[in-house]
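Inspection log for the structure reproduced underneath, given as structure tokens.
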Amino acid sequence: MRFKGPGSVIVVVAVVAAVAGAPAAAIRLYGERVYPAMQAVVTPISNRVSVPLLDASLVMLLLAVSIAAVRASRRAWRTRSAWPVVRLAGAVLVVAAVAYLWFLLLWGFNYRRPGVETALATYRAGRATPALVRQLAELAVSRSNQLHDDAHRAGFPAGAAVPAPLVASLHRVEKQLGRSRPTVPSSPKRPWTAPYMRAVGVSGMLAPWYLETYLNPDLTGPERPYVLAHEWAHLSGFAPEEDASFVGLLAALGADVPSHYSAWLFLASEASYRLDPVTRNLVVSAFEAGPRADLDAIALRLRSRVLWLDRASWVAYDRAIKSQGATEGVAGYGRVIDLVLGSDALDDKGLTP
């Protein structure tokens, strides 16, 4: 396949960017100055458009490629030559290279930044012993029981809401972690790909090409504050899943009562998952009727997953983020417990190692 002119340069640059490392100083400059400045411009523009821009772009791209493929096939048939199809394949490759470079520049280089633990004043690896994980799970269950009634009485944010207490808390967490400027929050959008998100059990996502946030419209009220905080943590530049989970958790715990409840319910689920089955059953049996009903509603939502598509999607996502330097892949979701216990984040909330 031959490329001419700028197309060949774009493809080569994309390949080099994918396989070559960037100097630490350049990544630090990107994280501290370049990305925050771009985010402060791009997200407000995306917020002005109610349409999910990534979904709209994918629809238009698919339509354009389909029309081009039909035309190339007809031309190849008339000329008895494969070159029209080959040229189309080359053009598609160039578009893919442009999309990859766009991704890297606008957000993807955040994967190459140091992990969140490097910004913590205190972090002790290996602190997540089974005994401490159990203590965390028991604390989370107890706090969920305590907060349930007040959280439901206050009400959970609507799907498109931008809760001011959660924004303020995120900004405080960012400042504590050394972020140079506060993140402009994205207005959550209802994605056109909601049926896909439902089928693969995805709760939310950041669309990095436009720095906009999508939430699964099927999320229950108690899920929304934490999921939104998690996606805003990605927007803040915390790319690995474990970092976004940790920062989102801190933001939710520092916001209002519904956000507190959402965070503790998430922690209870994550921490209990790390326990052996007998201990897990003993710990979760302490849930009172209210939180148990909320967890049952979440489980009911997740039953709509299409298992084979769910597995395929997570395998693809795992490989994609590992290719960007996120060594934990999707397993990073569970490592949030290590970050919580390795830091002193919950020492003032009743967690006593």
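Somewhere in the range 243-255, is a residue of a type in the set (D, E, K, R), more than 16 Å from ALA140 (Cβ to Cβ) and out of contact with any Leu (no Cβ under 7 Å at 6 or more places or on another chain)? Checked the range 243-255: at least one residue is of a type in the set (D, E, K, R), more than 16 Å from ALA140 (Cβ to Cβ) and out of contact with any Leu (no Cβ under 7 Å at 6 or more places or on another chain). Against the numbered list (1) among the polar types (S, T, N, Q); (2) in contact with a Lys or Arg (Cβ under 9 Å, 6 or more places away or on another chain); (3) surrounded by fewer than 22 Cβ atoms within 10 Å (Cβ to Cβ), ASN281 comes up short only at (2). Of all the listed residues (PHE156, PHE109), the sole one being at pLDDT 95 or above, buried (at least 17 other Cβ atoms within 10 Å of the Cβ) and among the aromatic types (Phe, Trp, Tyr) is PHE156. Just to be sure before I move on: is SER245 in the same structural domain as VAL330 (by TED's automatic domain parsing), small (Gly, Ala, Ser) and buried (at least 24 other Cβ atoms within 10 Å of the Cβ) in the structure I sent? Yes, satisfied. Of the listed requirements (1) touching a residue at least 40 places away in the same chain (Cβ under 8 Å); (2) among the aliphatic types (A, V, I, L, M); (3) over 21 Å from LEU206 (Cβ atoms), ILE321 misses just one: (3). In this entry, ALA151 passes the filter for residues that are at pLDDT 90 or above and assigned by TED's automatic domain parsing to the domain that holds VAL278. Filtered by the rule that a residue be among the aromatic types (Phe, Trp, Tyr) and farther than 20 Å from THR183 by Cβ, the range 34-80 gives a lone residue, TRP77.
Answer yes or no as to whether THR79 is assigned by TED's automatic domain parsing to the domain that holds ARG190 and among the hydroxyl-bearing types (Ser, Thr, Tyr). It is false that THR79 is assigned by TED's automatic domain parsing to the domain that holds ARG190 and among the hydroxyl-bearing types (Ser, Thr, Tyr).
Residues that are more than 21 Å from SER144 (Cβ to Cβ), small (Gly, Ala, Ser) and in contact (Cβ under 8 Å) with a residue 60 or more places away in the chain, at least 1 per element: which helices (runs of 4 or more DSSP H) completely within the range 175-291 meet that?
Working: elements: 194-200, 224-235, 241-253, 257-273, 277-284.
In the range 175-291, 194-200, 224-235 are the helices (runs of 4 or more DSSP H) which contain 1 or more residues that are more than 21 Å from SER144 (Cβ to Cβ), small (Gly, Ala, Ser) and in contact (Cβ under 8 Å) with a residue 60 or more places away in the chain.
Take ALA312 and tell me if it is over 17 Å from LEU136 (Cα atoms), modelled with pLDDT under 95 and surrounded by 21 or more Cβ atoms within 10 Å (Cβ to Cβ). Give the steps one after another, and end with the answer.
Numbers: over 17 Å from LEU136 (Cα atoms): yes; modelled with pLDDT under 95: yes; surrounded by 21 or more Cβ atoms within 10 Å (Cβ to Cβ): no.
No.
The values are calculated or read from the model by the stated rules, or taken from the named source; none is laboratory data. Fair warning: this is a prediction, and the values are worked out from it, not measured in the lab. Neighbour counts are summed over all protein chains in view; Cβ atoms, including those assigned to glycine, are modelled from backbone coordinates with ideal geometry.
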